[in-house]
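Every number here is computed from the coordinates shown, using simple stated rules; none is lab data. Quantities reported herein were computed from a predicted structural model and do not represent experimental measurements. Cβ placement follows ideal geometry from the backbone for every residue including glycine, while neighbour counts extend to all protein chains displayed.
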Amino acid sequence: MALRNIVLEGDRVLHKKCRPVTEFDSRLHQLIDDMRETLEDADGVGLAAPQVGVLRRIVIVLETNVPEGEEPYMIELINPEITAKSGEQNGPEGCLSVPGRFGLVERPMDVTVRAKDRYGKEFEVSGHELTARAFCHELDHLEGRMFTQCASRMLSNEELESGSWMDEVNS
Ligand code: ZN
């Protein structure tokens, strides 16, 4: 496994639509393993292939809604599609490609995704709250869409720390 460089905002690769994965081979597995290592190293909750410069429909999301005492685990999604969504949440969202900046983004509270695993087998998975947000955020990357384009506005560090954005989203 190897760490990959995370592409930063301003790079055109982040605004391109990704192609579906068609070969579920060792090369794909190597890429996914590298993405897992890169995500863990960056301490993030999600990573999409274009963020490591690969224009393929692959994302990894960290499932943090786990029973007490259990470790969060990574969900690998190949050629993912949202099949259901409900509810809504509004709050700060960030991105490993946009370090240190956060914006207010409205997302569904619950999201179900259908995808393939690294062997090409189809499955469905549901995410709540942060996981639902991460599914939407990472799938947007596959369309070349950044959270900065979906944010109602960006937040200053002061607003983020004071939590004053909460009044805004609750009003
Ligand atoms: Zn991102």
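Angle of helix 26-42 to the longest C-alpha principal axis of the chain, folded into 0 to 90 degrees and rounded to 10: 30°. Summarising the label geometry, the points placed 7 Å from Cα in the beta-carbon direction at E9 and E68 lie 3.8 nm from one another. The charge dipole of region 21-171, taken about its Cα centre with unit charges on the Cβ of Lys, Arg, Asp and Glu (plus for the first two, minus for the last two), comes to roughly 680 debye. Computed over region 12-170, relative contact order equals 25 percent, with contacts defined as Cα pairs under 8 Å that lie 6+ residues apart. Counting neighbouring Cβ atoms within 10 Å and putting the fewest first, the residues R12, R36 line up as R12, R36.
Sum up the charges of everything whose Cβ sits under 12 Å from the Cβ of Y119, counting Lys and Arg as +1 and Asp and Glu as -1, but leave Y119 out. Net of charged neighbours comes to -2. Think of the chain as having a plus end and a minus end, set by charges on the Cβ of Lys, Arg, Asp and Glu; of Q30, I75, P99, Q30 sits farthest toward the positive end of this dipole.
One decimal place: the segment K16-D167 gains 50.8 nm when fully extended, by the rule 0.36 nm per residue minus the C-alpha distance.
Computed from Cα positions, the angle between helix 130-142 and the longest principal axis of the chain comes to roughly 60 degrees.
With a/c under 1.5 counting as rounded, go ahead and sort region 95-138 into rounded, prolate or oblate using the C-alpha gyration tensor (a ≥ b ≥ c being the square roots of the eigenvalues; past the cut-off, prolate if a/b is larger than b/c, else oblate). In terms of gyration-tensor shape, oblate. Stretching A84 away from R27 to a fully extended chain increases their span by 17.4 nm, per 0.36 nm per residue minus the current alpha-carbon distance. The tail of the calculated P(r) for the chain beyond 25 Å holds 30 percent of all Cα-Cα pairs. Rounded to the nearest 20 debye, the dipole magnitude of region 5-79 is 780 debye, with +1 charges on Lys and Arg beta carbons, -1 on Asp and Glu beta carbons, and the Cα centre as origin. Note on R36 and S126: the model spin-label points, each 7 Å out from Cα along the C-beta direction, lie 2.6 nm apart.
On a per residue basis, the convex hull of the C-alpha atoms belonging to region 1-63 measures out at 84 Å³. Considering helices alone, the calculated mean residue ellipticity of the chain at 222 nm is -7500 deg cm²/dmol, with DSSP H runs of length four and up weighted by -39500 (n - 2.57) and normalised per residue. When M1, M154 are arranged by Cβ crowding within 10 Å, least crowded first, meaning fewest neighbours, the order is M1, M154.
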